[in-house]
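Each remark here refers to the structure printed beneath this line.
The values are calculated or read from the model by the stated rules, or taken from the named source; none is laboratory data. None of these values were measured; they are calculated from a predicted model. Glycine gets a Cβ as well: all are built from the backbone with ideal geometry, and neighbour counts include every protein chain shown. Heavy atoms of the whole protein, side chains included, go into the accessibility calculation; ligands, DNA and RNA do not. Shrake-Rupley method; radii C 1.70, N 1.55, O 1.52, S 1.80 Å.
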Amino acid sequence: MTRSRIAVAGASGLIGGALVRSLTADGHEVVRLVRRDPRARDEVRWDPASRYVDPAGLVGCDVVVNLAGAGVGSHRWTDAYKARIRDSRVLGTAALAEAIASLEAPPRVFVNGSAMGIYGETGDRPVDEDAPPGEGFLPELCVEWEGAAAPAQEAGVRTVFTRTGLVVARQGGAWGRLFPLFQAGLGGRMGDGRQYWSFVSLHDEVAAIRHLIDTDGLSGPFNITAPRPLTNREITAAMGRVLRRPTLFAVPAPVLRAVLGEMAGDVLGSQRVLPMRLLESGFTFAFPEIEEAIRAAL
């Protein structure tokens, strides 16, 4: 990829921060969208809640990447927090898509975050990008989230949706909370452990996003998950082997529901998601197996 000007929303998050570091290291000019007054030349003001983006800041951008959104696992899912999760994604996406569509020379590609949560509960059934949305808060959110990008698509901008799985990383995301527990010898399966967890290393997440940016002709949804999803029980055992710690402290489903409320359904639910379109596009995973992904995160 030639040197490009790339705007990134959500640059302070786990994936966004890693993406910015990767792009900057390769000499690309990165513009960060911030919700405060800009303090540096590489910052552009935006306000997702008001659907506002300074369009001047997007002028000359070849690519816009939107990874912004309130953390799904950061708080108990009260009605107020669910509204915050929704608005931070749907309104932010709409703001960017509308700003992109308004430009005389729009970017060539818009990469918009999404999540494997769109498929809902899949049990043992493997699903790829052709599967329909599931039912519940997260599937409905993801459908609305992706739909908010319509103005950019209608303006002829190649638009990609990254349906990301559970990112294996030491800091941030679900795994950022798991690592300290397992390192202390307090890790264990959740519920009966038979639910599938579709994971991806942080390295492969960033590499996949860059592959989707660089490869002309790719548009629509792409699952960013490792090729072989595993059950929570299998992942628990792998964490124990890599960290050399016991994994005896199973957390019963009723306890998770009492502590997490509605969000427990996301932890106990099974999602066996396959990255079919990503593999068909020629992408190669550097860390396709769980033990490799865990070691890469250490």
Looking only at the stretch 136-145, decide whether some residue is out of contact with any Phe, Trp or Tyr (no Cβ under 8 Å at 6 or more places or on another chain), open to solvent by less than 20 Å² (accessible area, probe 1.4 Å), outside any loop (DSSP other than H, G, I, E, B) and more than 19 Å from residue 99 (Cβ to Cβ). yes
Can you find even one residue in the stretch 203-212 that is aliphatic (A, V, I, L, M), open to solvent by less than 10 Å² (accessible area, probe 1.4 Å) and either in contact with a Cys (Cβ under 6 Å, 6 or more places away or on another chain) or in a strand (DSSP E or B) (or both)? no
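Condition first: at pLDDT below 95 and open to solvent by 20 Å² or more (accessible area, probe 1.4 Å). Can you find one or more residues in the stretch 219-231 that meet it?
Looking through the stretch 219-231, none of the residues is at pLDDT below 95 and open to solvent by 20 Å² or more (accessible area, probe 1.4 Å).
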Condition test on residue 90, is it free of Cβ contacts under 8 Å to residues at least 24 places away in the same chain, open to solvent by less than 50 Å² (accessible area, probe 1.4 Å), over 21 Å from residue 167 (Cβ atoms) and in contact with a Phe, Trp or Tyr (Cβ under 9 Å, 6 or more places away or on another chain)? no
Given (1) touching a Phe, Trp or Tyr at 6+ places or on another chain (Cβ under 7 Å); (2) of a type outside the set (Gly, Ala, Ser); (3) modelled with pLDDT under 95, where does residue 267 come up short, assuming only one miss? (1)
Return the residue satisfying two criteria in turn: it lies in the stretch 17-54 and is at pLDDT below 95, of a type in the set (Asp, Glu) and open to solvent by less than 80 Å² (accessible area, probe 1.4 Å), and of such residues it is nearest to residue 113 (Cα to Cα). 47
Looking at the stretch 150-158, is at least one residue open to solvent by 40 Å² or more (accessible area, probe 1.4 Å), touching a helix residue (DSSP H, G or I) at 6+ places or on another chain (Cβ under 7 Å) and hydrophobic (A, V, I, L, M, F, W, C)? yes
